[in-house]
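One structure below.
The values are calculated or read from the model by the stated rules, or taken from the named source; none is laboratory data. For clarity, every value in this text was computed on a predicted model and none was experimentally measured. As a convention, Cβ positions derive from the backbone with ideal geometry for all residues, glycine included, and neighbour counts pool all protein chains shown. To get the accessible areas, we keep the full protein, side chains included, count just its heavy atoms, and leave off ligands, DNA and RNA. Shrake-Rupley method; radii C 1.70, N 1.55, O 1.52, S 1.80 Å.
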Amino acid sequence: MTLLAVERIKLFTTRSPWWCALAALAVTIGFSALITGTSDTGEFITVSSAEFGYKFGMAVIVVLAALAVTTEYRFNTIKTTFQAVPNRGAALAAKAGVVGGLAFVIGEIAGFGSWALAKLLKPEADLALNSAADWLNVAGIGVVYAIAAVIALAVGILIRHSAGAISLVLIYNLAVEDLITLIPKVGHKIHEWLPFNAAHKFLTGTGESNGSRGGDMGPPLSDSPLSPGWALAYFAGFALVLLTISIVVAKRRDA
């Protein structure tokens, strides 16, 4: 608990988490307002389309997570941390817990905020949360943001430089997985097993929930062969493996 408290204090005494949190909320909820507000009718506004902007908010979350550790390397405060806590694994795991927890809270606010705003702008639209799939599409954003933050944090530990880590996680999050589908013959097969595609499967499900999945204005469905539950486990497992690798590397090299 002491380590968590220390990491929380370190995180919130810098400006970047506050600005990133506001930006993530503004982008995610703003896209909901854009999609919903520009629709002539509420017929095609669904729970899925109301959460259309979650990927753009996640791009801000991965920046927040990467900065949470790379700034410590930049200003050499990580050395003080490791001197005070010789168990580097415990210190970095605590950091991952704090950053992931913050990302979870931001994701929940963004998810329910987007849904509430869509309901306010188009009260005639079918935005009732009638099924578990609908609830996952809204409440699941916090879970996905938390796991994505852990992945970005691990990348930050491995690279240690803010510009490099941010560039890598942003490019991968926004472009790489989609570009892989362009590889002839094997592109789509590879894409099925990529981590953020699995996260998207967890959120969008199978497209069979009262028309609220994969609607005309909603995000495209994932091509992952996994069920939503297993897709989440796969995404979380990927994050855990990457975090473990980053901690092992951090233990073996100089701070």
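Counting pairs of alpha carbon atoms under 8 Å apart in space and at least six apart in sequence, what relative contact order in percent does the stretch 1-65 give?
Normalised by residue count, the contact order of the stretch 1-65 is 41 percent.
Helix 2-12 versus the longest principal axis of the chain: what is the Cα-based angle in degrees, 0 to 90, to the nearest 10?
That works out to roughly 70 degrees.
Using square roots of five times the C-alpha gyration tensor eigenvalues, list the equivalent-ellipsoid semi-axes of the stretch 59-205 in whole Å, biggest first.
Largest first, the stretch 59-205 gives 32, 22, 13 Å.
Leaving out ligands, DNA and RNA, what percent of the accessible area of the chain is carbon and sulfur, probe 1.4 Å?
Reported share for carbon and sulfur atoms: 69 percent.
Please state the relative contact order of the stretch 8-156 as a whole percent: Cα pairs under 8 Å, 6+ residues apart?
The normalised contact order for the stretch 8-156 reaches 37 percent.
As a test of the definition: which semi-axes, in Å, follow for the stretch 81-147 when you take the square root of five times each eigenvalue of its alpha carbon gyration tensor? Largest first, please.
37, 11, 5
Which order, highest average first, do 135-141, 187-193 follow once you tally other Cβ atoms within 10 Å for each residue and take the mean per peptide?
In descending order of packing, they fall as 135-141, 187-193.
Before I look further, what does the chain give for accessible area per residue, probe 1.4 Å, in whole square angstrom?
47 Å²
For the chain, what is the relative contact order in percent, using Cα pairs closer than 8 Å and at least 6 residues apart in sequence?
Contact order relative to length: 26 percent.
Considering lysine pairs in the chain that are 8 or more places apart or on different chains, how many have Cα atoms under 30 Å apart?
18
Using alpha-carbon positions, what is the distance between the centroids of the stretch 85-102 and the stretch 17-40, in Å?
29 Å
On the first, second and third principal axes, largest extent first, how far apart are the outermost C-alpha atoms of the stretch 135-201 in Å?
Answer, in whole Å and largest first: 36, 33, 14 Å.
How do the peptides 221-232, 106-117 rank, highest first, by the average count of neighbouring beta carbon atoms within 10 Å per residue?
Highest to lowest by the protection proxy: 106-117, 221-232.
In a solvent-free Debye calculation with one equal scatterer on each Cα, what is log10 I(q)/I(0) for the chain at q = 0.15 Å⁻¹, listed in the order of the q values?
Debye output, listed in q order: -1.02.
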